[in-house]
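Here is the structure we will look at.
The values are calculated or read from the model by the stated rules, or taken from the named source; none is laboratory data. Nothing here was measured: the structure is a model prediction, and the numbers come from that model. Don't worry about glycine lacking a Cβ; one is built from the backbone with ideal geometry, like all the others, and counts go over all protein chains shown. Note: areas computed on protein heavy atoms with side chains; ligands, DNA, RNA excluded. Shrake-Rupley method; radii C 1.70, N 1.55, O 1.52, S 1.80 Å.
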Amino acid sequence: MWLRSARAAGRCSVRHYVGVTTAERTANPQILLLSAALFLVGTNAFVIAGVLPDVARSLDVSIVSVGYALTAYAVVVAVISPSMSKRLAPVSRVTVMAAGMLVIALGTLLTALGPTFGWFIAGRAVAAVGAAALVPTAFAVTPTLVPKERQGRALAFAGLGFAVALAVGSPIGTALATVSGWRFTLSVLAACAALIALAMPRVLSAAESARVAAPVPTLRALASVDLVLLLVVRLLMTAAFQMVYVYSAFVVYGFTGGDGTKLAILMSAYGFGGVFGGIAGGWLSDIRGTGRTGIGALGGLVLVLAALAGSHELLTAATAFLAWGFTVSMAGVPQQHRLVELEPDYASASLAWNSTAMYIGLAIAPIVGGALVPHGPGAVVLGGAATAALALLCFAVSIPRVRSLVRRR
């Protein structure tokens, strides 16, 4: 009898295992393609920072002017993401993502081939329109491709595209630009974006029928204390990262002496830390919950930035950059996961507003960081740490159990 039960259990386990692995094999190529798409979006955005001097020289403008192009890109995405999510609600999500990728390819090619700075700005604006359509839709589709208990890891894997863009895409793009010029680098990115756009309808066929069943609500209709706090967390977390990252060459000049190779090593350390942080964030969100994972990651981010402000050696700075990337990526997963959990039926709308919050953070960070530059590298990093501390506070308050404890006191 025991043997029969064991055999039956074994057959059940095998069936369960086969079923799970079959589903995962179906989902993996889809999530991999979404991660690749986000990798290209991230590389497209971050590689510009590495070629700012070359772009400025070839277009005969100042570095600050080219830096404003980064802000313009972020502002366009921030402004139009929610409205695009609402207007494109009746359209197949696969169609939206493929079209967004094609628009990114067109805008990037326009940026690469444009003869003047005006064309450069126009190309970045067109690419931003594509990113506004693609990014929130990709993050909304990702959880639908896997069982509920694996959604955190799926979001983390898709989000790794941004982390790998920082670790690999941006440094390789910068190196390629050194050899062949920034126009060639952007042209290669445009070609890759077009190829991914063509692959999307075939690879993501299972998500073709995934449509928004009801009209996408406005932020006012969606608004809840938890949602607003989570959007503020995204804004602050992004600003904390960006205000230090944009001025990373200034922040670490005392360690690198202006050596581009040393700076590239530090930035790669950040990116590789982000890859592992994203994996850890997804796994811990599924296993330990989004609340504990988010608080631990944001608390770690505050401590790491404080440690970076006090670093005086290259090895210490490299360790801090690695931990910095780890904690930033780790913190992003539970924040996104909680947004999906709050309004599962309107995940596209919530994540579109999340993109808006993220790109607002990207837009304001250079301004805030620039105001701190005259006070020295330590002030810039501590400004990032203080902003991360505010993000930690908002995330903690967004957890209903924490709010109830505060009210009791």
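Heavy atoms only, 1.4 Å probe, whole protein assembly: order Arg87, Arg234 by accessible area, highest first.
Values: Arg87 195, Arg234 30 Å².
My answer, sorted largest first, is Arg87, Arg234.
For region 74-124, which whole percent of the accessible surface, found with a 1.4 angstrom probe, sits on carbon and sulfur atoms? The partial results should precede the final answer.
Values: 1660 of 2080 Å².
For region 74-124, the apolar C and S fraction of the accessible surface comes to 80 percent.
Using θ = phi - 60° and the Karplus curve 6.51 cos²θ - 1.76 cosθ + 1.60, what whole-Hz ³J(HN,Hα) does each residue of region 181-198 get, with Gly and Pro shown as x?
With coefficients 6.51, -1.76 and 1.60, one gets x, 5, 5, 5, 4, 5, 5, 5, 4, 5, 5, 5, 4, 5, 5, 5, 4, 5 Hz.
Just to make sure I understand: if all protein chains stay in place, what is the order of Phe39, Phe157 by accessible area at 1.4 Å, largest first?
On the way: Phe39 60, Phe157 90 Å².
Reading off the accessible areas and sorting them downward yields Phe157, Phe39.
Determine how large the accessible area of Asp259 is when every protein chain is in place; take a 1.4 Å probe and give Å² rounded to the nearest 10.
Accessible surface of Asp259 is approximately 60 Å².
Taking only protein heavy atoms into account and a 1.4 Å probe, give the accessible area per residue of region 309-393 in Å².
Details: 3180 Å² over 85 residues.
Here the per-residue accessible area is 37 Å².
For Ser224 and Tyr68, what does the FRET efficiency come to when R0 = 35 Å and r is the distance between their Cβ atoms, rounded to the nearest 0.05? It would help to have the intermediate numbers written out before the result.
Details: r = 35 Å, r/R0 = 1.00.
The formula returns an efficiency of 0.50 here.
Using a 1.4 Å probe, how large is the accessible area of Thr116, given in Å² and rounded to the nearest 10?
Here the accessible area works out near 70 Å².
Could you give the length gained on full extension between Asn28 and Ile172, defined as 0.36 nm per residue of separation minus the Cα-Cα distance, in nm? Don't jump to the answer; show the numbers that get you there.
Values: separation 144, 0.36 × 144 = 51.84 nm, distance 2.57 nm.
Working it through step by step, the gained length comes to 49.3 nm.
R0 = 30 Å: FRET efficiency of Val79 with Asp259, Cβ-based, nearest 0.05?
Details: r = 38 Å, r/R0 = 1.28.
Given R0 = 30 Å and the Cβ-Cβ separation, E is 0.20.
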